[in-house]
Amino acid sequence: MATARTTSGRSEMGRDRSPAREHAQAPAGRRGTIDGLLATKEIVVACGPGGVGKTTTAAAAAVVAAVRHGSKVLVLTVDPAKRLANALGLDGIGNAEHRVPDEAFRAAGLKPRGQLWAAMLDTRESWDALIRRQAPDEQTRDEILANPLYQNISGRFVASHDYIAMERLYEIHSESDYDLIVVDTPPTRNALDFLDAPERMADFFSSRLLRWLIVPYRSRLVNMATKPFYQVADRILGTEFLADISEFFILFQSMYDGFVERSESVGRLLSDRRTTFIVVSTLEAVPLREAEFFAEQLNARKLHLGAIVLNKVLPDYLRDPGGAAVAESMRERADDLAVELAPNLAAVDPALGDTDQIARVLTEVADSYLNFQVVALREMEERSMLSVTPDVLATVPFFDTDIYDLAGLVRLGEQIWD
């Protein structure tokens, strides 16, 4: 493939048609792989339950795409583990995109054909930038940024984190600087929060509750039905706090049209054929059911489900009946095997020649193997019962050590790549 594209040569869709992109879209025998999926898309949204390796999988996919595709790749991640942040050069930075230096790749024994860039979502910083872009004038901008309520809740109010993640994705994509953007979605209790956040944010700013809060400060006339509410609220919260709330939302409503427009634009971007979703899960029952539900919702919303990545899967050999037979035999013959092994172990260290201890270890090892086999067989059954069929179904083996550098990300990425 070609090297990373420049900013010239855009198509009518506002993106360029580099040789790399043209080649990737050709109907070569790569369909059905993460490799082919990432080569033909511009946005990959990694999503799924918490604690299943979603952030690491997103980073690994971006790293391998930069190494193999010769593309300019950005991974936009949310709250990565410290060692992963260090590996990507994210330690101590916020929204600004930073290029992962070639020296980091060389230290990992890699020679990327393209470029890897990384950014870590900073909710407060992103909101400040959004206010500066969307405020109708400088006075409104400054008043919002100085409002005490905004300063306290800009990173915490309902849907804030989810909304700003999609907003930041839209902003970066609109600038057309990257061949591929891989975004790690925020951890949420409801997997659909980040998809619904733009619409819910717009709905909130036109809600009846909001109108109730700001009416007394837009007009001196409060009808008799609502007056008791404000009297109680004033006693509980205080006049100054109510004034801050009202001022904040009155100012925010001046940007309502901009919020609605951006919300609709984000929705179109997520449903665009150049965008795909990768759902990451393990084969444990609870996260897998949550991932299935999310995948079904993507299909229902006509969003492209590109892949399901099943992480931390036990190796195939554990399902081999021959291995189980060996473990059963070892457990049954532990005492006899201990007597046979004791002389050789004692020759290494006399303390190792205790036959009772050897028998106990052999029994524990055999039991552990058989227990792992039960889990491996259960995983296979869970995988066969998946209710959704993505373009790609990839599995990642259980890694013995944490992934903390670029070399580790490449090892993970190669497991799902082909």
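The numbers here are math on the coordinates, done by the rules we state, and not lab data. Not measured: the values here are computed from a predicted model. Cβ: placed from backbone, ideal geometry, glycine included. Neighbour counts: every protein chain shown.
Given 0.36 nm per residue, what is the gain on full extension from GLU414 to ARG106 after removing their alpha carbon distance, in nm? Working shown, then result.
On the way: separation 308, 0.36 × 308 = 110.88 nm, distance 1.77 nm.
The span from GLU414 to ARG106 would gain 109.1 nm if fully extended.
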What pairs from LYS72/LYS302; LYS41/LYS111; LYS41/LYS302 go past 26 Å between their alpha carbons? LYS72/LYS302
Of the peptides 70-76, 43-49, how do they stack up when ordered by the mean number of other Cβ atoms within 10 Å, highest first? 70-76, 43-49
ALA285 to GLU138: extension gain in nm, 0.36 nm per residue of separation minus the Cα-Cα distance? 47.7 nm
Mean Cβ-within-10 Å packing, highest first, puts peptides 97-103, 343-349 in the order 97-103, 343-349
If amide hydrogens are placed 1.01 Å from N in the peptide plane, which non-local residues have theirs closer than 5 Å to the one on ASP272? none
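Over segment 318-383, calculate the relative contact order: mean separation of alpha carbon pairs under 8 Å at least 6 apart, over the residue count, as a percent. Could the numbers behind the result be given before it?
On the way: 54 pairs, mean separation 28.1, N = 66.
About 43 percent, as a whole number.
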What distance in nm separates the two pseudo spin-label positions at GLN297 and ASN344, each 7 Å out from Cα along the beta-carbon direction? 5.6 nm
So how much slack lies between ASP177 and ARG274, counting 0.36 nm per residue of separation and subtracting their Cα-Cα distance, in nm? 33.4 nm
Here segment 55-69 yields Karplus 3J(HN,Hα) values (6.51, -1.76, 1.60; θ = phi - 60°; whole Hz; Gly and Pro given as x) of 4, 5, 5, 4, 5, 5, 4, 5, 4, 5, 4, 5, 5, 9, 8
